[in-house]
Amino acid sequence: MQPLSKRKRRLYLYGLILVFALCVPFVMFYANGYRFKGEQGFVKTGSVIISVPETNAVVSLNGEEVGASGFLRHSFYIDDLTPGAYAVLVTREGDYPWHRTLIVEQELVTDAEAFLVPQEIEPIRLVVSTSTASSTMRVSPATYEMYRLAFAPTATSTVLNSAMRQGEIVVVEKGNVLVRHTDPSALPPSRYCTRPSVCVQEIPIESGKQQAINAAFFGGGVVYATREGGVFLAEADIRPAPVVAPLYSGRNVDFRIVNGHLIIKDGVALYEIVEL
């Protein structure tokens, strides 16, 4: 085999230098988050992370399936997204579908956690007896009395303690339920942000539709009671559209969180919600 001539070696060298020079801008564009998007040309992109704590849930973005959650997969990362609004849907058999409109901004990550609630929630009446009916739950006299006393006027501390958690508080003001971020030294969680760069300090849960009388954090969301409608479980998220699930329907009913149990009082009857 004959060695390459000096002229050919120079041509190959100059050719490689030219290819390298042409590739550098594209590599730099890619490293800085730019992607080529057809008629839009080069645009800076963003990404989305969807967390799904439960298994067997299907995640879709703008109508296209992304994947399903499982034992080893609870997060879904989608990158190279053009800035704009994206419709996320998470579905699981037996649960309310979870819809969320997420705004993607350039060079930023938009995150959200799916809040899945069973569609069929049956309150179980608490009794002090030997009854084995599926619609009732037998509890000891001491436990029943503890639940009953939680609704006494002097037991307001039960409600106040349940209404606070680290960096957040849920309050009832003028019949409205509000969740507030209370730690000025920390950035609010993404559920307080309409988009990654725009956040608020307050999330309305129930505002103006009914007269709320009580609210507390429970089951990953906010439980609240209204005079007109009963007891509900709501998701605390400023972005559309948060989940609101009825737990118990009725007028003038109330609830308490007692040792991690959600107890509802309707007249003299006590019920517990156990599916959450």
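Derivation of every value follows stated rules applied to the coordinates shown; laboratory data play no part. All values reported here derive from a predicted model rather than from experimental measurement.
The fraction of Cα-Cα pairs per 5 angstrom bin, counted from 0 for the stretch 40-113, comes to 4, 16, 28, 23, 15, 8, 4, 2, 0 percent, rounded to whole percents. The alpha carbons of the stretch 124-273 stretch over 58, 28, 27 Å along the principal axes, in descending order. Counting only aspartates and glutamates at least 8 places from Lys174 when in the same chain, those with an alpha carbon closer than 19 Å to its own are Glu202, Glu206, Glu228, Asp254. Restricting attention to the stretch 124-273, close to 95% of DSSP beta bridges with both partner residues there are antiparallel.
A straight Cα-to-Cα reach below 14 Å connects Lys44 with the aspartates and glutamates Asp79, Asp80, Glu105, Glu107, residues fewer than 8 places away in its own chain not being considered.
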